[in-house]
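Written below as C-alpha coordinates is the structure these notes are about.
The values are calculated or read from the model by the stated rules, or taken from the named source; none is laboratory data. Computed from a predicted model, the values in this text were never measured in an experiment. Cβ: placed from backbone, ideal geometry, glycine included. Neighbour counts: every protein chain shown. SASA here: full protein model, heavy atoms, side chains in, ligands and nucleic acids out. Shrake-Rupley method; radii C 1.70, N 1.55, O 1.52, S 1.80 Å.
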Amino acid sequence: NRSIAALLALPDTHFLLDYVRPDLLLLRVVARAMVLWEDVEPSSKWIDEQIPAVVKTSFAQLGRSAEQAAAYPGLSNLSSMDVDDAGGCSADNEHQQGTGGDLTLNGGSPENAEREHASFENLLFDRQAVRQIHAHVVAGACFGMGLRFAGTGDQRAASAII
(Lines give C-alpha, C1' and ligand atoms only; values in the text may rest on other atoms or scores of the structure.)
Protein backbone atom coordinates (compact mmCIF):
# COMPACT_ATOMS: atom_id res chain seq x y z
CA ASN A 1 0.00 0.00 0.00
CA ARG A 2 2.82 2.43 0.80
CA SER A 3 4.39 1.98 -2.63
CA ILE A 4 1.08 2.76 -4.36
CA ALA A 5 0.54 5.74 -2.05
CA ALA A 6 4.01 7.01 -2.98
CA LEU A 7 2.95 7.04 -6.64
CA LEU A 8 -0.04 9.18 -5.65
CA ALA A 9 2.03 11.66 -3.64
CA LEU A 10 1.54 15.29 -4.61
CA PRO A 11 4.33 17.20 -6.36
CA ASP A 12 6.48 19.23 -4.00
CA THR A 13 7.76 22.09 -6.16
CA HIS A 14 6.04 24.90 -8.07
CA PHE A 15 7.61 23.61 -11.27
CA LEU A 16 6.09 20.14 -10.88
CA LEU A 17 2.75 21.53 -9.68
CA ASP A 18 2.46 23.50 -12.94
CA TYR A 19 2.13 20.19 -14.82
CA VAL A 20 -0.81 18.82 -12.82
CA ARG A 21 -4.31 20.27 -12.96
CA PRO A 22 -5.64 21.26 -9.52
CA ASP A 23 -8.74 19.07 -9.89
CA LEU A 24 -6.51 16.05 -10.43
CA LEU A 25 -4.68 16.90 -7.22
CA LEU A 26 -8.05 16.57 -5.45
CA LEU A 27 -8.45 13.09 -6.91
CA ARG A 28 -4.92 12.14 -5.89
CA VAL A 29 -5.58 13.16 -2.30
CA VAL A 30 -8.84 11.17 -2.22
CA ALA A 31 -7.17 8.13 -3.82
CA ARG A 32 -4.27 8.34 -1.38
CA ALA A 33 -6.73 8.49 1.53
CA MET A 34 -8.44 5.38 0.22
CA VAL A 35 -5.13 3.52 -0.17
CA LEU A 36 -3.91 4.58 3.27
CA TRP A 37 -7.35 4.04 4.83
CA GLU A 38 -6.08 3.33 8.34
CA ASP A 39 -3.80 6.39 8.35
CA VAL A 40 -6.65 8.89 7.89
CA GLU A 41 -7.07 10.74 11.18
CA PRO A 42 -10.15 12.75 12.19
CA SER A 43 -8.31 16.03 12.73
CA SER A 44 -7.61 19.29 10.97
CA LYS A 45 -3.92 18.50 11.46
CA TRP A 46 -4.29 15.55 9.07
CA ILE A 47 -5.96 17.82 6.51
CA ASP A 48 -3.07 20.31 6.80
CA GLU A 49 -0.53 17.51 6.38
CA GLN A 50 -1.96 16.73 2.94
CA ILE A 51 -1.01 20.17 1.62
CA PRO A 52 2.48 20.20 0.07
CA ALA A 53 4.97 22.36 2.01
CA VAL A 54 5.62 24.62 -0.98
CA VAL A 55 1.89 25.38 -1.24
CA LYS A 56 1.63 26.05 2.51
CA THR A 57 4.46 28.57 2.44
CA SER A 58 3.23 30.24 -0.76
CA PHE A 59 -0.32 30.46 0.58
CA ALA A 60 0.95 32.01 3.82
CA GLN A 61 3.01 34.49 1.79
CA LEU A 62 -0.14 35.41 -0.16
CA GLY A 63 -1.90 36.11 3.14
CA ARG A 64 0.90 38.34 4.36
CA SER A 65 0.93 40.24 1.05
CA ALA A 66 -2.83 40.75 1.25
CA GLU A 67 -2.44 42.15 4.77
CA GLN A 68 0.20 44.58 3.58
CA ALA A 69 -1.85 45.65 0.56
CA ALA A 70 -4.96 46.19 2.66
CA ALA A 71 -3.05 47.77 5.55
CA TYR A 72 -5.09 45.58 7.90
CA PRO A 73 -3.02 43.29 10.15
CA GLY A 74 -4.72 39.98 10.84
CA LEU A 75 -6.67 39.98 7.56
CA SER A 76 -5.45 36.48 6.69
CA ASN A 77 -6.82 35.22 10.01
CA LEU A 78 -10.41 36.22 9.21
CA SER A 79 -11.02 32.77 7.76
CA SER A 80 -10.46 31.23 11.21
CA MET A 81 -13.43 33.08 12.69
CA ASP A 82 -16.24 30.95 14.07
CA VAL A 83 -19.81 31.60 13.05
CA ASP A 84 -22.30 30.85 15.81
CA ASP A 85 -25.82 29.53 15.34
CA ALA A 86 -27.35 33.00 15.69
CA GLY A 87 -25.42 34.21 12.65
CA GLY A 88 -22.89 36.24 14.61
CA CYS A 89 -19.15 35.92 14.41
CA SER A 90 -16.59 35.40 17.11
CA ALA A 91 -12.85 35.75 16.74
CA ASP A 92 -9.97 34.11 18.53
CA ASN A 93 -7.70 37.10 18.96
CA GLU A 94 -8.05 40.83 19.34
CA HIS A 95 -6.85 41.54 15.80
CA GLN A 96 -9.95 40.00 14.40
CA GLN A 97 -12.42 41.67 16.72
CA GLY A 98 -13.75 45.04 15.76
CA THR A 99 -16.38 47.51 16.67
CA GLY A 100 -18.64 46.72 13.79
CA GLY A 101 -17.60 47.95 10.39
CA ASP A 102 -14.03 48.87 11.21
CA LEU A 103 -12.68 46.61 8.46
CA THR A 104 -11.84 49.13 5.78
CA LEU A 105 -9.86 48.00 2.80
CA ASN A 106 -7.81 50.44 0.80
CA GLY A 107 -9.85 52.65 -1.41
CA GLY A 108 -9.14 53.45 -5.01
CA SER A 109 -6.43 56.01 -4.33
CA PRO A 110 -3.25 55.82 -6.45
CA GLU A 111 -1.05 55.40 -3.36
CA ASN A 112 -3.00 52.36 -2.25
CA ALA A 113 -2.96 50.80 -5.70
CA GLU A 114 0.78 51.35 -5.90
CA ARG A 115 1.34 49.75 -2.48
CA GLU A 116 -0.82 46.75 -3.44
CA HIS A 117 1.10 46.29 -6.68
CA ALA A 118 4.44 46.51 -4.87
CA SER A 119 3.41 43.93 -2.26
CA PHE A 120 2.52 41.39 -4.95
CA GLU A 121 5.53 42.17 -7.14
CA ASN A 122 7.96 40.07 -5.10
CA LEU A 123 5.85 36.91 -5.37
CA LEU A 124 7.60 34.63 -7.85
CA PHE A 125 4.83 32.10 -8.34
CA ASP A 126 1.42 31.90 -9.93
CA ARG A 127 -0.88 33.27 -7.22
CA GLN A 128 -4.06 31.92 -8.80
CA ALA A 129 -2.55 28.45 -9.18
CA VAL A 130 -1.52 28.40 -5.51
CA ARG A 131 -5.03 29.39 -4.43
CA GLN A 132 -6.60 26.71 -6.63
CA ILE A 133 -4.14 24.03 -5.51
CA HIS A 134 -4.72 24.87 -1.85
CA ALA A 135 -8.50 24.76 -2.26
CA HIS A 136 -8.49 21.49 -4.21
CA VAL A 137 -6.10 19.72 -1.86
CA VAL A 138 -8.09 20.77 1.21
CA ALA A 139 -11.32 19.70 -0.51
CA GLY A 140 -9.79 16.34 -1.41
CA ALA A 141 -8.58 15.79 2.14
CA CYS A 142 -12.03 16.65 3.52
CA PHE A 143 -13.67 14.32 1.00
CA GLY A 144 -11.25 11.50 1.85
CA MET A 145 -11.88 12.00 5.56
CA GLY A 146 -15.60 12.07 4.89
CA LEU A 147 -15.38 8.74 3.07
CA ARG A 148 -13.33 7.21 5.88
CA PHE A 149 -15.60 8.31 8.71
CA ALA A 150 -18.98 8.23 6.94
CA GLY A 151 -21.56 6.54 9.12
CA THR A 152 -19.35 6.42 12.22
CA GLY A 153 -20.77 9.52 13.89
CA ASP A 154 -17.24 10.66 14.77
CA GLN A 155 -17.60 14.23 16.03
CA ARG A 156 -13.87 14.91 15.64
CA ALA A 157 -14.07 14.17 11.91
CA ALA A 158 -17.20 16.29 11.52
CA SER A 159 -15.63 19.27 13.29
CA ALA A 160 -12.39 18.92 11.31
CA ILE A 161 -14.28 18.97 8.01
CA ILE A 162 -16.42 21.92 9.01
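Before moving on, here are some points about what is shown:
- Sub-8 Å Cβ pairs linking a first residue in the range 61-85 that is closer than 19 Å to His134 by Cβ to a second residue that is modelled with pLDDT of 65 or more and charged (D, E, K, R), at least 6 apart or interchain, are Leu62/Arg127; Leu62/Arg131; Leu75/Glu67; Ser76/Arg64; Ser76/Glu67, ordered by first then second residue.
- Subset of the range 27-57 (residues that are more than 10 Å from Ala141 (Cα to Cα) and of a type in the set (Asp, Glu)): Glu38, Asp39, Glu41
- Counting the residues of the range 35-59 that are in contact with a helix residue (DSSP H, G or I) (Cβ under 8 Å, 6 or more places away or on another chain) and either hydrophobic (A, V, I, L, M, F, W, C) or farther than 18 Å from Leu147 by Cβ (or both) gives 14.
- Within the range 32-43, residues that are more than 16 Å from Thr152 (Cβ to Cβ) have Cβ atoms under 6 Å from residues that are surrounded by 14 or more Cβ atoms within 10 Å (Cβ to Cβ) in these pairs: Arg32/Ala5; Arg32/Leu8; Val35/Ala5; Leu36/Ala5, counting only partners at least 6 apart in sequence or on another chain.
- Just one of the listed residues (Ile51, Ile47) is in a loop (DSSP other than H, G, I, E, B) and under 17 Å from Ala135 (Cα atoms), and it is Ile51.
- Residues located in the range 1-31, provided they are open to solvent by 70 Å² or more (accessible area, probe 1.4 Å), in contact (Cβ under 8 Å) with a residue 12 or more places away in the chain and not in a helix (DSSP H, G or I): Asn1, Asp12, Asp18
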